[in-house]
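K.L.:
To start, I am sharing the structure in question, which I have written as structure tokens.
Since every read-out is calculated from the coordinates, none of them should be taken as a lab result. Computed from a predicted structure; not experimentally measured. For neighbour counting, all protein chains shown are included, and Cβ atoms are generated from backbone atoms with ideal geometry for every residue, glycine included.
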Ligand code: UDX
Ligand code: ADP
């Protein structure tokens, strides 16, 4: 086994950035070069204002940057100099052509493979870090086989970090998974992780088991959220309390307590995309019943988001037209500025279609991002944004103060479980709202009894609603 001296990572996003920063911190003897086509993103990685918000990331980057961690747009030079190349580019769901809406768009992966083939010489290990459909490594291998001056081993090393806790997840992973065919190449990557991860937590498998395990892990996690969310609807109908049910079932050691928090619906760049990938794969192999089974996890998630918007409209006397709704939170979960597939985008779209005015406050998401998310979701299938839809988006304002967002609002909708939302002065908030004032807690994080005492009518997920003063 040859030991690795220089790593290149293509893609400086939510996965590539933190993962490479951790490798650089733990392995000061290895040069780690992160490259991206996006100059603005690279500039941000080289500044004091990192492009992604992730607790603890600043310290890790500050320790390694300039020592053995560099960020640039010099893709070819970085590939050329590296012994090991990680591919960590985005693989969104295809929006066009065959498999649209389900299959992964592998355009970026393929471009990377071709680039690596073009500029490499000698021997290199190529590591898939992006979430990919099973057997993508085979395609990457075939493209690399056309290189005239270099040879390659391909490994799959899926990332299991969750945003918001990425640094802890990288520091103390439940497991590191490495799939591949070449024992030497696997050993080289095991050696890197073994600098800080106990050996028994580094699992090695064949390439396809590794790729499929990533999709399966995300499908199982998302399934737990959809399962508890499905039961939340039944709780609302029967008077049971979803958090009590979750506690009761979570103490069964076979079920376990994690990932049972009912919510307005899961978001993030992975869950939906990976399940749709799995569904597409099953259909490809004629396993239609298996495809239907997993597709239902996504359907329940869509149902949960639209159930929440409909509840707002119904409760506000069947109309939100020209009413102001305050949305607290836009990120898909707390402690991240990532908004991909966030439930807030869908709920906001539904409210805008009902002609509401929406004022958003999120402590980490920029106005520019919120507008881009709405413009994206409001486009038709040809990618056009009609002037009518644009006029609806113009009914959204983004503010930097939660009290301002709630001022004269008819209702507050909690979309993200940011800790700071629990500590707002709700008496002050209530006083400045239109009456009667409503709270829709899409994360069940607020003290509902106290809110009712203040005078709010409170609606939540999987609990009976509370009238004021009850
Ligand atoms: C997920 C996987 O956890 C991670 O291992 C993988 O590498 C990438 O995808 P991430 O999307 O960053 O990570 O966040 P995660 O904590 O899994 O949450 C996903 C969504 O589910 C969020 O919208 C979250 O709010 C929601 N969720 C999670 C719930 O609604 N209830 C829960 O109990 C848990
Ligand atoms: P993830 O959550 O998977 O990290 P991101 O979208 O945050 O996804 O990051 C992926 C990054 O990959 C983006 O910054 C994008 O500019 C970069 N990227 C995509 N294709 C290429 C490519 N061919 N060469 C270099 N960088 C690329």
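K.L.:
Give me the percent of DSSP beta bridges within the chain that run antiparallel, rounded to the nearest 5.
P.N.:
10 percent
K.L.:
Considering only DSSP beta bridges where both residues belong to region 6-205, give the percentage that are antiparallel (nearest 5). All intermediate terms of the calculation are to be shown ahead of the outcome.
P.N.:
Values: 3 of 32 bridges.
Expressed as a percentage, antiparallel bridges in region 6-205 total about 10.
K.L.:
Related question: Going by average Cβ neighbours within 10 Å, how do the peptides 74-82, 316-324 rank, with the highest at the top? Before the final figure, lay out the partial values.
P.N.:
On the way: 74-82: 18.2, 316-324: 15.3.
Final packing ranking: 74-82, 316-324.
K.L.:
Could you line up 370, 10 from fewest to most neighbouring Cβ atoms inside 10 Å?
P.N.:
Least crowded to most crowded, the residues run 370, 10.
K.L.:
What is the fewest-to-most order of 433, 378, 20 by other Cβ atoms lying within 10 Å of their Cβ? Spell out each step's value before the answer.
P.N.:
Values: 433 22, 378 19, 20 27.
Listed from fewest to most nearby Cβ atoms, that is 378, 433, 20.
K.L.:
Quick one: P(r) of region 6-205 from all Cα-Cα pairs, 5 Å bins, percents rounded to integers, in order of increasing distance.
P.N.:
With a bin width of 5 Å, the distribution comes to 1, 8, 16, 21, 22, 17, 11, 4, 1, 0.
K.L.:
Please work out the Kirkwood hydrodynamic radius for region 271-460, using every pair of different C-alpha atoms, and report it in angstroms with one decimal place.
P.N.:
Final number for the Kirkwood radius of region 271-460 is 17.5 Å.
K.L.:
Continuing with this model, one more query. Arranged from highest to lowest average of other beta-carbon atoms within 10 Å per residue, in what order do the peptides 462-469, 209-216 appear? Intermediate values should be presented prior to the final figure.
P.N.:
Values: 462-469: 16.4, 209-216: 20.4.
Order by mean packing, descending: 209-216, 462-469.
K.L.:
Divide, for region 177-225, the radius of gyration over alpha carbons by 2.2 N^0.38 Å, where N is the residue count. Kindly include the intermediate steps, with their values, before the conclusion.
P.N.:
Details: Rg = 12.7 Å, N = 49, 2.2 N^0.38 = 9.7 Å.
Taking N as the residue count of region 177-225, the ratio is 1.32.
K.L.:
Follow-up. At a 10 Å Cβ-Cβ cut-off, how would you order 389, 305, fewest neighbours first?
P.N.:
On the way: 389 19, 305 24.
Fewest to most other Cβ atoms nearby, the residues stand as 389, 305.
K.L.:
A further question on this structure: Can you give the % of DSSP beta bridges in region 271-460 that are antiparallel, to the nearest 5?
P.N.:
0 percent
K.L.:
Express the relative contact order of the chain as a whole percentage, based on alpha carbon pairs under 8 Å and six or more residues apart in sequence. Don't skip to the answer; put the middle values down first.
P.N.:
Numbers: 924 pairs, mean separation 55.4, N = 470.
For the chain, the relative contact order is 12 percent.
K.L.:
Divide by every residue of the chain the summed helix terms, -39500 (n - 2.57) for each DSSP H run of at least 4, and state the resulting mean residue ellipticity at 222 nm, rounded to the nearest 500 deg cm²/dmol. It would help to have the intermediate numbers written out before the result.
P.N.:
Numbers: 18 runs with 202 residues, N = 470.
When only DSSP H runs of four or more count, the value is -13000 deg cm²/dmol.
K.L.:
Could you pull the Cα extents of the chain along its three principal axes, largest to smallest, in whole Å?
P.N.:
The Cα atoms of the chain stretch 73, 46, 45 Å along the principal axes, largest first.
K.L.:
Please report, in whole Å, how far the alpha carbons of region 1-41 spread along each principal axis, starting with the longest.
P.N.:
Largest first, region 1-41 extends 35, 16, 13 Å along its Cα principal axes.
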